[in-house]
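First the structure, in the form of structure tokens, and then the observations on it.
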Amino acid sequence: MAVSPRHDTPASRIAELRNLLERANRAYYVDASPVMSDAEFDRLLAELTELEKAHPDLDDPDSPTKRVGGEPIDGFTTITHARPMLSIDNTYTEGDVREWYARVLKGLGLAEGGLFAGGTVACVCDPKIDGLAVSLRYERGRLKHAVTRGDGVKGDDVSHAARVIRALPLVLGARAPEVLEVRGEVYLPLDQFARINAEREEAGEELFMNPRNAAAGTLKNLDPTLIASRRLGFIAHGRGEASEGFASGYWEFLSRLREMGFPTSPHALQAAGVEEILKAIHGFEAGRHGLNYATDGMVVRVDSFAQQEQLGLTSKSPRWVIAFKYPAERTTTRLLRVEPQVGKTGKITPRAVMEPVVLAGTTVQHATLHNYGRVLKSPLNPDAPGGETTDIRIGDTVYVEKAGEIIPQVVGVVIAKRPENAARVVAPAACPVCASVVEVEPPEAEAEPTLETARRCINPECPAQIREKLVWFAGRKQMDIDGLGEKTVDQIIASGTIPLRTFADIFRLKDHRAALLSLERMGEKKVDNLLAGIEDAKSRGLAKVLSGMGIRHVGDTTSKLLARRYESLDALMAASVRDLMPNAKLSKDEAARLGVATEAPGGQETSLGKDTAGIVHAYLHSPAAKKTFAELGAAGVDLKSKDYRPPTTAGAAKGPFAGKTIVLTGTLTGYEREDLKALLEGLGAKVSGSVSSKTNLLVAGESAGSKLDKARELGVEVWDEAKLIDALREAGVDAPRPPTG
Ligand SMILES: [Zn+2]
């Protein structure tokens, strides 16, 4: 365990780390030019976390460490906006934009016949991001609260979420105005959207429809740890209440926001007059699909705040701003057939096979239909999702969209074009691969098929599931087994001579070298590479093994989270369901169902959510999982964690200090008091400031006074510094500075 040298005081190092991390956030989110790697960031963050735990007096709610999670909140409170968050009128054509501009000219007296006829109006265009609008209130430079738009007058307090969004500054610095409300869009970056949906798909969970939907779901989550893991982005685009004189126009406002650490759109443009506005609108359209967030339009506004005031509001929206919406990336094509696909969790997903069509720049011929329930209630008008629905039939002309411009999906049916003989889509009554029984979720869907959200093959021996599981396990982001791709897996399974049904079988392939060599296109070199790749994969560690197993609800992030807290599979298996979710508060019913206390013991950096913890715990202790772990262990796969971080507060289970309440007194020659405290806490001790009957041990340095007397009176064990150092050495901790006197 590292203990800071004396010359570097904890307070100065903490300040330095906070500064470094905030600068790194800013470089990444505001300037889009990262100054350190993710690994370096994580390392510094871990160091800061440790220091802050050792020095609770130096705690700061705005510290970067508060951005990785924390206590879940119980529910939302409502906050009234200091100034209402008005909606913006949408327009869809050039003509609309010209008409708006003409109205602006007239309103400002610049139109023909007006007092200042012939002038132009300076405007600013910035992209309309498809996210969720929030209002952030800063008072004296510190984030006071974050509120969703809600009904425009009042919204939900989502401060707990805002604090873990690293793109948002928590402290604005010395030049911040007394009051500043910044409005902007919280969004989910497209790469994160893809990752989260891939994980949800693997976990057999419902996919998010689009990034906005996912961002909204994330922001409204009560668990900051989960919110932090989704890496939401933010772009500022408006002001609420602001102290006098902060800026005289929007362009200046944006520039001042950037100085204070807010991300603003790098695609914002100044435009004088309607021709320049239209040029900006069309100029952005072509490149917008290359961005890492979804945009659906361009917001055009009058730059000067004085002119904005002069133009005023209509009953529902400001007159000085308008949103030009780009046509949706949607097209129509014909549905040729629907294929049931069996995933590695057994989930059977309907996949549309369509006549190829170009959509947002790529040719598309497959699209997801999500589940068989949704096939039965497709919107007739995709722009009115709550409206009339129909079932999708083979031969139908369907609307196809790219959700978040990534996954094509069928979003509706052109009912007028339905051929007379269009056949209904039949959900498979048995697994299309192994012919086993399927289970429908939720159970009510048996009687009412439109309620169906999932259909699964429940045969654990299902070859389709086994194949998908093996391919997943060997994949890049899991065990990363060189040479064991989809084709090789298929080839080995098809051979019929080489057993490949379980994860452990992979590690026994070396016993079948001759049989592997007999496969087509498997030469000596290729087989050697494959076997070397498999040997190599044995040492990936616990996180990769867990994510490779494709456990429901245990994707990449959760696996890593578990591996951070548990140093080995054995330690993980010893954890109770409550241990898995130390930060989760439960309702009475939930607690009763799981047989644990409602109160969260808390105090851990990482915690599963309450829904996940029960499922994960049950799975880990299932006979199937235990068998898999035993086989992997026997095959020589490393089940220790490479991500493990020893707890820095009470929690270490072993050693002479674990669970002890210790008091330090007198002058210690070998240690900074605070460093020693951190060291002992890292070993599982609680370091207290006063001696009581609960004290287990008093460490007394030179000139110890009343605490030593009291300890003796109460019969508390007393050690001198030398004895402490011996015990620390025995516990495997190097004494940082041996006593010199
Ligand atoms: Zn099956």
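Take the conditions (1) free of Cβ contacts under 8 Å to residues at least 40 places away in the same chain; (2) crowded, with 23+ Cβ neighbours inside 10 Å; ASN213 misses just one of them, which is (2). Against the conditions (1) touching a Lys or Arg at 6+ places or on another chain (Cβ under 9 Å); (2) under 22 Å from GLY312 (Cβ atoms), LEU132 satisfies every one except (2). Residue check: ASP60 meets all listed conditions (1) under 20 Å from the mean Cα position of the chain (by Cα); (2) under 30 Å from GLY217 (Cβ atoms) but one, namely (1). Counting only residues that are in a helix (DSSP H, G or I) and loosely packed, with under 13 Cβ neighbours inside 10 Å, the range 437-457 holds 3 of them.
Would you pick out the residues in the range 437-451 that are farther than 17 Å from HIS370 by Cβ and within 12 Å of the ligand (Cβ to nearest atom)? If the condition is that a residue be farther than 17 Å from HIS370 by Cβ and within 12 Å of the ligand (Cβ to nearest atom), then VAL437, GLU439 are the ones that fit. When you check ILE492 against the structure, is it within 34 Å of the chain's Cα centre (by Cα) and buried (at least 22 other Cβ atoms within 10 Å of the Cβ), yes or no? It is false that ILE492 is within 34 Å of the chain's Cα centre (by Cα) and buried (at least 22 other Cβ atoms within 10 Å of the Cβ).
What about GLN341, is it assigned by TED's automatic domain parsing to the domain that holds ARG103 and polar (S, T, N, Q)? For GLN341, the condition - assigned by TED's automatic domain parsing to the domain that holds ARG103 and polar (S, T, N, Q) - is not met. Of the strands (runs of 3 or more DSSP E) lying entirely inside the range 72-185, those containing at least 3 residues that are outside the structural domain of VAL299 (by TED's automatic domain parsing) are 78-80.
When the range 475-502 is examined, which residues are found to be part of a helix (DSSP H, G or I) and away from the ligand (no atom under 16 Å from the Cβ)?
Narrowing the range 475-502 to residues part of a helix (DSSP H, G or I): 486-495.
Residues satisfying the conditions are GLU486, LYS487, THR488, VAL489, ASP490, GLN491, ILE492, ALA494, SER495.
Take the residues in the range 342-371 that are out of contact with any strand residue (DSSP E or B) (no Cβ under 6 Å at 6 or more places or on another chain) and of a type in the set (Ser, Thr, Tyr), then tell me which one is nearest to the ligand (Cβ to nearest atom). It comes out as THR345.
Any idea which of (1) within 19 Å of VAL342 (Cβ to Cβ); (2) in contact (Cβ under 8 Å) with a residue 12 or more places away in the chain; (3) of a type in the set (Gly, Ala, Ser) is the one ALA429 doesn't satisfy? Against the list (1) within 19 Å of VAL342 (Cβ to Cβ); (2) in contact (Cβ under 8 Å) with a residue 12 or more places away in the chain; (3) of a type in the set (Gly, Ala, Ser), ALA429 comes up short only on (2).
Let's see how each residue does on (1) surrounded by 19 or more Cβ atoms within 10 Å (Cβ to Cβ); (2) in a helix (DSSP H, G or I); (3) more than 30 Å from the chain's Cα centre (by Cα):
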| position | (1), (2), (3) |
| --- | --- |
| ARG521 | no, no, yes |
| LYS525 | no, yes, yes |
| SER539 | no, no, no |
| VAL545 | yes, yes, no |
| ILE551 | yes, no, no |
| VAL554 | yes, no, no |
| THR558 | yes, yes, no |
| ALA563 | yes, yes, no |
| ASP579 | yes, yes, no |
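Screening the range 347-382 for residues that are crowded, with 17+ Cβ neighbours inside 10 Å and part of a loop (DSSP other than H, G, I, E, B) and picking the one that is nearest to the chain's Cα centre (by Cα) gives HIS370. Filtered by the rule that a residue be surrounded by fewer than 19 Cβ atoms within 10 Å (Cβ to Cβ) and of a type in the set (Lys, Arg), the range 226-256 gives ARG231, ARG256. When the range 278-310 is limited to residues that are among the charged types (D, E, K, R) and touching a residue at least 24 places away in the same chain (Cβ under 8 Å), the one that is surrounded by the most Cβ atoms within 10 Å (Cβ to Cβ) turns out to be ARG301. Looking across the range 420-436 at every residue that is in contact with a strand residue (DSSP E or B) (Cβ under 8 Å, 6 or more places away or on another chain), within 12 Å of the ligand (Cβ to nearest atom) and part of a loop (DSSP other than H, G, I, E, B), the one that is farthest from ALA464 (Cα to Cα) is identified as PRO428. Scan the range 257-272 for residues that are touching a Phe, Trp or Tyr at 6+ places or on another chain (Cβ under 8 Å) and surrounded by fewer than 17 Cβ atoms within 10 Å (Cβ to Cβ) and jot them down. Residue satisfying the conditions is GLN270 alone. So is GLU275 assigned by TED's automatic domain parsing to the domain that holds GLY238, exposed (fewer than 15 other Cβ atoms within 10 Å of the Cβ), not aliphatic (A, V, I, L, M) and not in a loop (DSSP other than H, G, I, E, B) or not? Taking the combined requirement at face value, the residue satisfies it. Listed by first and then second residue, the pairs with beta-carbon distance under 6 Å, at least 6 apart or on different chains, first residue in the range 456-474 and near the ligand (Cβ under 8 Å from one of its atoms), second at pLDDT below 90, are CYS457/GLY346; GLN465/LYS344; GLN465/GLY346. Number of residues in the range 693-710 that are outside any strand (DSSP E or B), out of contact with any helix residue (DSSP H, G or I) (no Cβ under 8 Å at 6 or more places or on another chain) and in contact (Cβ under 8 Å) with a residue 24 or more places away in the chain: the value is 7.
Among the residues of the range 358-390, the ones that are hydroxyl-bearing (Ser, Thr, Tyr) and at pLDDT below 85 come to 2 in all.
The values are calculated or read from the model by the stated rules, or taken from the named source; none is laboratory data. Predicted model only: the values in this text are computed from it and were never measured. Glycine also receives a Cβ, built like all others from the backbone with ideal geometry; neighbour counts cover every protein chain displayed.
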